[in-house]
Structure formats: structure tokens, C-alpha cells
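Asks: Quick one: the structure is below, and I'll ask about it shortly.
Each reported figure results from applying straightforward, stated rules to the coordinates on display, with no laboratory input. If you're wondering where the values come from, they're calculated on a predicted model, not measured in any experiment. Here the Cβ is made from the backbone with ideal geometry for all residues, glycine too, and neighbour counts use every protein chain on show.
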Amino acid sequence: MSSEPTATPAAREDLRSTTYEFFILAVSILSIVNLGLLGVLPYRSQPWWLVVMIDVALTIIFVTDFCLRLFTAQSKRGYFFRGGGVFDLLGCLPGLRIFRLFRIVRAGRIIRRLGGPRVLRELRAGLATGTLYLVVFLGLLTLEVVGLLELHFEEDAPGANITTAGDALWWGYVTATTVGYGDQYPVTRGGRLVGVLMLTVGVALFATFSGFLANAFISRGRQPAPAAPEGDLQASLRELERLHAEQQDAIEALRARLEAT
């Protein structure tokens with residue numbers, strides 16, 4: 001017998017997939033990093049506001065995660081008081097982001113209990129869904145990093161039109177989707193280099209996302225034929241047995257006629 005531990009829902013302490021837990025772990029780490037950035041960046045500066053906007057998107061993810069865990073928990077009371085639901089809820093509040101550390105601890109504990117081989121198997125099995133989670137996380141991370149870099153080069157440059165956090169995020173998203181309205185654009189050398197980075201990463205992310213959607217629609221159109229009911233299988237087996245018996249009788253009758261001649 002295999003000595004690998006079996007992870008029950010109680011041992012895992014969650015009702016989510018391994019790829020989802022890695023996604024929440026990555027988002028939680030980014031949120032804690034942003035909490036540190038908010039303490040380092042000048043208060044109410046444009047980079048500070050950009051981090052706040054990204055944190056709003058992360059908070060929406062955390063609220064959705066809390067609702068999913070609560071409504072799918074086998075025991076809602078057990079999840080809220082013993083499974084860390086109260087910390088998940090507190091971590092959704094703007095002034096209590098530090099409680100998001102609990103999500104990192106819980107995800108790490110779940111992954112450690114599952115064990116390396118099992119985690120790798122589940123990640124391979126959920127590769128398509130994991131790719132979607134990865135694209136969402138990298139999209140948020142890219143918007144933040146590129147937006148901060150763009151503000152660093154463009155905010156105080158003469159003739160610049162990317163001077164606010166909203167400008168930087170709008171320009172980053174429009175550039176990543178290759179729409180390119182042209183209402184915001186970098187005017188400095190550093191800003192243009194950042195634009196090249198955004199174009200390269202953005203096209204790759206949206207191409208991956210488009211491929212995921214196409215694969216999802218194609219897979220949905222190729223659903224396997226439903227299995228025959230057990231009663232139909234038994235009837236088919238009886239019919240095969242009857243035909244086999246008739247064949248054997250015909251063989252015996254033919255052999256008898258050959259012996260008689």
C-alpha cells in the first residue's frame with residue numbers, strides 16, 4: 001500500500017482546488033507586499049493611489065473567496081469560527097489587511113499536508129484552470145509594476161500625459177489589450193521602454209487567456225457520450241451469451257454431420 005497521506009476535506013481545511021489555493025496564496029502575498037508599499041510611498045501620492053487601486057481589486061477577490069468558502073462549507077459555523085473564516089472576513093476590511101497573513105499561513109499548511117507529489121499531480125490535472133488563475137494574477141501584478149514604473153518616468157516629465165494613477169492603469173490596460181486608443185502615451189525614453197515591456201507581456205497574457213477560452217468552448221462541444229444504463233448493459237450481455245450459445249450449437253451440429261459422412 002502507498003504510504004502517501006490521504007487528504008480529506010477536513011485535513012485540507014478547504015473545499016477548493018489546489019490551483020485555487022496557490023492563486024489565493026499568490027494574491028495574499030501581493031496584498032501584504034502592497035501593505036508595505038503603502039507605508040513606504042508618500043501618502044496620497046500618485047504611486048500610493050495606484051497601489052490603493054490595485055488593492056481594491058485584490059479586496060474584491062478576497063470578498064469573493066470568503067463568500068465561496070462560506071457558502072460551500074460543510075459547516076458554515078465550523079468554517080467561520082474554527083476554519084479561519086473570521087480572519088478571512090477581517091482581512092477584507094481596509095484597516096485590517098494584516099489579517100490576510102492568515103490566508104498565507106493556511107494555504108501553506110494545506111499544501112504542506114497534501115505533500116509534494118500529490119500537489120504536483122493536482123496541478124497537472126488542473127493545468128487549464130491553473131493557467132487562468134496565473135493569467136489573472138500576472139495581469140494584476142503587471143498592471144501594478146508597469147504602472148509604478150511609468151509614473152516614475154512620466155509623472156513630472158515635460159509634456160507628459162501619464163501623470164496620475166488612473167492614467168497609468170488606463171494606459172497599461174489599453175496597451176496590454178493592444179487596443180491603443182492613443183489618448184495616453186509615454187514621452188520619455190524610460191517610459192517607452194516600459195511600454196515595450198507592457199506590450200510584450202500584455203500580448204502574451206491576453207493570448208493565453210484567449211486560448212483558454214477557446215479551449216473551454218471546444219471542450220464543452222466535445223462532451224463524451226453518456227454511458228449506457230446498467231440495465232442496458234446487462235441486456236446486451238445476455239444477447240451476446242444467447243448468440244454465442246447458438247453458434248456453439250451450430251458448430252456441434254456441423255461437426256456431427258461431418259462425422260456421419
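Asks: To one decimal place, what Kirkwood hydrodynamic radius in Å is obtained for the range 108-162 from all pairs of distinct Cα atoms?
Replies: Hydrodynamic radius (Kirkwood, Cα only) of the range 108-162 equals 14.3 Å.
Asks: Moving on to the next point. Given a Förster radius of 45 Å and the C-beta distance between ASP249 and THR72 as r, what FRET efficiency does 1/(1 + (r/R0)^6) yield to the nearest 0.05?
Replies: 0.15
Asks: How high is the relative contact order of the range 7-125? Use alpha-carbon pairs under 8 Å, at least six apart in sequence, and give a whole percent.
Replies: 38 percent
Asks: To continue, here is another question. Between ARG109 and LEU199, what is the label-to-label distance in nm when each label sits 7 Å out along the Cα-to-Cβ direction?
Replies: In this crude spin-label approximation the distance works out to 4.9 nm.
Asks: Right, here's the next one. What percent does the relative contact order of the range 126-213 come to when contacts are Cα pairs within less than 8 Å and at least six residues apart? List each step's numbers first, then the result.
Replies: Working: 91 pairs, mean separation 29.9, N = 88.
Answer for the range 126-213 is 34 percent.
Asks: Once you have the alpha carbon radius of gyration of the range 126-213, what is it after dividing by 2.2 N^0.38 Å, with N set to its residue count?
Replies: Relative to the rule-of-thumb radius for its length, the range 126-213 sits at 1.13.
Asks: Add +1 for every Lys or Arg and -1 for every Asp or Glu among the other residues with Cβ under 15 Å from the Cβ of ALA160, and state the total.
Replies: Values: positive: ARG189, ARG192; negative: GLU150, GLU154, GLU155, ASP156, ASP167, ASP183.
Computed value for this residue: -4.
Asks: First measure r as the distance between the Cβ atoms of GLU239 and SER210, then evaluate 1/(1 + (r/R0)^6) with R0 = 30 Å and state the FRET efficiency to the nearest 0.05. Can you show the working numbers first?
Replies: Working: r = 49 Å, r/R0 = 1.64.
FRET efficiency, GLU239 to SER210: 0.05.
Asks: Please compute the contact order of the chain in relative form: average sequence separation of alpha-carbon pairs under 8 Å and at least six residues apart, divided by the residue count, as a percent.
Replies: On the way: 216 pairs, mean separation 48.3, N = 261.
Over the chain, the number comes to 19 percent.
Asks: Using Cα-only point scatterers and the Debye equation, what is log10 of I(q)/I(0) for the chain at each q in 0.07, 0.11, 0.12 Å⁻¹, rounded to two decimals?
Replies: Relative scattering, expressed as log10 I(q)/I(0), comes to -0.42, -0.78, -0.89.
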